[in-house]
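What follows is a set of notes on a single structure, which appears directly below.
The values are calculated or read from the model by the stated rules, or taken from the named source; none is laboratory data. Source: prediction; values computed, not measured. Neighbour counts run over all protein chains shown; Cβ positions are idealised from the backbone, glycine included. Only protein heavy atoms, including side chains, enter the accessible area calculation; ligands, DNA and RNA are left aside. Shrake-Rupley method; radii C 1.70, N 1.55, O 1.52, S 1.80 Å.
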Amino acid sequence: MTRNTPDSGRTTEPLLVVRDLRVRFRGGNGVTTEAVRGVSFDVAAGRCLAMVGESGSGKSQTCLALLGLLAANGEVSGSARFEGRELVGLREREFNGIRGSKIGVVFQDPLSALAPHLRIGDQIADGLCRHHGMTRSAALAEAKAWLDRVRIPDAARCLRQYPHELSGGMRQRVMIAAALAPRPSLLIADEPTTALDVTIQAELLDLLADLVRAQGTSLIMITHDMGVVARMADDVCVMRDGEIVEAGSSTAILTAPQRRYTQTLLGAISRIDAPSRVVLPPEAGAPVLAVERLSVRYPLARRAFAPRRHHLAVDGVDVVLRAGETLAIVGESGSGKSSLARAVTGLIAAEAESAALLGSPLTLGKRRWDLPVRRDVQIVFQDPQGSLDPAMPIWRSVEEPLRVHHPALTAAARREAVIAALRRVELDPALAERYPSELSGGQAQRVGIARAMILKPRVLVCDEAVSALDVSIRGQIIDLLIALQRDTGLAMLFITHDLSVVRAIAHHVLVLHHGRVMELASADRLFADPGHPYTRSLLGAVLSPDPGASSARPDRYQPTGQGGDLVAVAPDHWVRG
C-alpha cells in the first residue's frame, strides 16, 4: 500500500507498517491463548483503514498491542513500525510520548473511558499540557475551541461539566475532541458509534471524517457495521479468529467479496429495504397490554424554597399490544423509549388514564406490583453482562425467577426447567456452570432471554437488546426472538434505535420524539411511505452498506401544538410549542 508522490516519483513509506503481529495471553493454568496470529497490514497517510469482524476476531487486541495497552498477561511479537519507529518492545515511558500526542484513541464506551471525577475541560486540557507544554489557561481555551469544533452547544458550560452530566452522543463528541486536540498523526476509533442513534451516528461520522480530513490524520476504524465501512473506509481488513482472511479496497470488499466469511458477514446485515421476517398473527384478539395516555415525569434538582420542577420524559403515549405481535418503539436518545419500557414493566413510577394487562387493571404508580403481574411481563436489557450477576453461574441466574415465582418447585424440577430454557435459546446446557464473564456477548444475551422466558411471560420487553451485538449474532438473536414468538404467542415491545432491526422484527412501529408520538403505523406502511417528516429524517440517516450510497443529514424538527406536528427549525434550537 505504498504510494508514489507526484512530485518526486519516489515511494513513500506508509504511516504504519504492521508485519506478522502476534498477541498471546498466558492463562493461570499455564495455557497460552493466541488472540492475534500473524497479522500484517499498512495504513497510508491520510487514509482510513476499517478492521471488520465479529467479537473475538482480534480487532481490538491488535490495536491495543500497537498502543502498548495489553493486559498484564499479554505478550506481543512481530513488527509494527509507526513513522519509521518500532512500537513492539517499547518501554512504558516511551509509549507515553506516543500515546495521545502521535496516536489518539476514541473508545467504544466514553463513559468508562473518561475519568468520572474530572471536569470535561480538565480532561481535554491535560493532554495539551502534557504533550505540547501549554499553560493551563491556554489549554482550557484550546479545549473550548475543540468543543466548538465538535459542535457541542454551549462549550463554555460543557468545560465545567462532568461526564455523567452529558448524553451518550455528547460524551462521544468529547472523546473525539480529546483525541484530536493534540493533533495526532493516527487516530484509532474502536466502535465509536455502535450504541448511538442513527441520526447521532451519522452526524458523528460526518464530523469525524471532516476533522480527520482537515488535519490529514490517518484513521483505523474498528467496527462490525458495514454501513460505517461504506461511509468512512478507503481500505478494509476482515478478521476472523485472530487472522486477516480478506483485505482490499472498501469498494471491492463490499461489492465483490472473495471469501465466504466476508460474504456471510455482508449477508447477515439487516436492511430497511429487506422484506420483513415476521408473520402476522392469524387474527387480532383482545389486547394483552393496553395503556392509555402514559406519562413519565422525573423530578429536577431545585434550589431552596423554589417550586418543584419535573422533566416530562413520556407525554401521553398510548400502547396497545396483542398476542403474537411486536410493537417497535423507535426514536433518538432522550425520546423517552427506555422510560416507556421501564414504566410498562413497573420499574419506575408512571401515570396513565388507564392500564390493563390481560384484561385486569394495572397500577403504574409507585406501589409494588403483585408477583403474578411481574411474572407475565419480563424484560431483556441492552447490556447482557451488566444485567447478569457476575458472581452467579449461568444456571443460577436463569433459575432465580423460578425461586421467586414458583417456590414450591423442587431443585430437580428447577434444574430441568433451566436446561430446557437454555436449549430453547439454542445454548449448550454444558455452559450452565460458566460465569457471565466467560461468555461472548451473543451467548450472554441468549442467557438473558432464557432468564426472561423461563416464566413463560405473556409480554416481553426488549430494551436495545441487540444494539451492541455483531451483525451475525444480531441476526441470530432476531431469528431466535421471532421463533419464540411464533411458538408461544409472545407479545413483544421492542425498544431500539436501529431501523434495519425494526424492519426485520416488527409488525407495528411507534415513533417517539421528546416523549410524544410522531407516528404510529404498520411496519410495511411506515417503511414504504413514512407519513411524518421526523420519521423521514430518521430513515434518511440510516447508513447504507452500499458503496456510494449517501445518507442525507437529517433536519431538526420540533413538535408544536397539541397534535404533535413538526416544523423544521434551526439545529440546537428547541422550543416546546
For residues in the stretch 253-270 being closer than 15 Å to residue 228 by Cβ and modelled with pLDDT of 90 or more, which is surrounded by the most Cβ atoms within 10 Å (Cβ to Cβ)? 253
For the structure I just gave you, tell me whether residue 145 is open to solvent by 20 Å² or more (accessible area, probe 1.4 Å), of a type in the set (A, V, I, L, M, F, W, C) and either within 23 Å of residue 63 (Cβ to Cβ) or in a strand (DSSP E or B) (or both). no
Count - residues of the stretch 78-98 that are under 30 Å from residue 30 (Cβ atoms), open to solvent by less than 80 Å² (accessible area, probe 1.4 Å) and over 32 Å from the mean Cα position of the chain (by Cα): 5
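Table: residues versus (1) of a type in the set (D, E, K, R); (2) within 27 Å of residue 335 (Cβ to Cβ); (3) open to solvent by 70 Å² or more (accessible area, probe 1.4 Å).
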site	(1), (2), (3)
396	yes, no, yes
411	no, no, no
445	no, yes, no
460	no, yes, no
Tell me which helices (runs of 4 or more DSSP H) are completely within the stretch 363-478 and hold 2 or more residues being among the basic types (Lys, Arg), or say none if there are none. 371-376, 394-405, 411-424, 441-453
Taking the stretch 174-203 and keeping residues more than 16 Å from residue 108 (Cα to Cα), assigned to a loop (DSSP other than H, G, I, E, B) and hydrophobic (A, V, I, L, M, F, W, C) leaves 181
Within the set of pairs 6 or more residues apart or between chains, which connect a residue that is free of Cβ contacts under 8 Å to residues at least 60 places away in the same chain inside the stretch 322-349 to a residue that is part of a helix (DSSP H, G or I) and open to solvent by 10 Å² or more (accessible area, probe 1.4 Å) with Cβ atoms less than 6 Å apart? 348/342
Note on the stretch 71-95: residues in contact (Cβ under 8 Å) with a residue 60 or more places away in the chain, over 15 Å from residue 43 (Cα atoms) and in a strand (DSSP E or B) are 78
By residue number, the members of the stretch 46-59 that are within 15 Å of residue 18 (Cβ to Cβ) and surrounded by fewer than 21 Cβ atoms within 10 Å (Cβ to Cβ) are 47
Per-region count, the stretch 155-194, residues modelled with pLDDT of 90 or more, open to solvent by 30 Å² or more (accessible area, probe 1.4 Å), within 24 Å of the chain's Cα centre (by Cα) and among the polar types (S, T, N, Q): 0
Suppose we filter 403, 415, 423, 434 for residues that are within 18 Å of residue 385 (Cα to Cα), free of Cβ contacts under 8 Å to residues at least 60 places away in the same chain and open to solvent by 40 Å² or more (accessible area, probe 1.4 Å); which single one remains? 434
Output for the stretch 148-173, where each listed residue is assigned to a loop (DSSP other than H, G, I, E, B) and more than 20 Å from residue 214 (Cβ to Cβ): 153, 154, 160, 161, 162, 166, 167
Given the criteria within 29 Å of residue 406 (Cβ to Cβ), of a type in the set (A, V, I, L, M) and out of contact with any Leu (no Cβ under 6 Å at 6 or more places or on another chain), does residue 481 qualify? yes
Looking at the stretch 351-364, can you tell me whether even one residue there is surrounded by fewer than 16 Cβ atoms within 10 Å (Cβ to Cβ) and in contact with a Ser or Thr (Cβ under 6 Å, 6 or more places away or on another chain)? yes
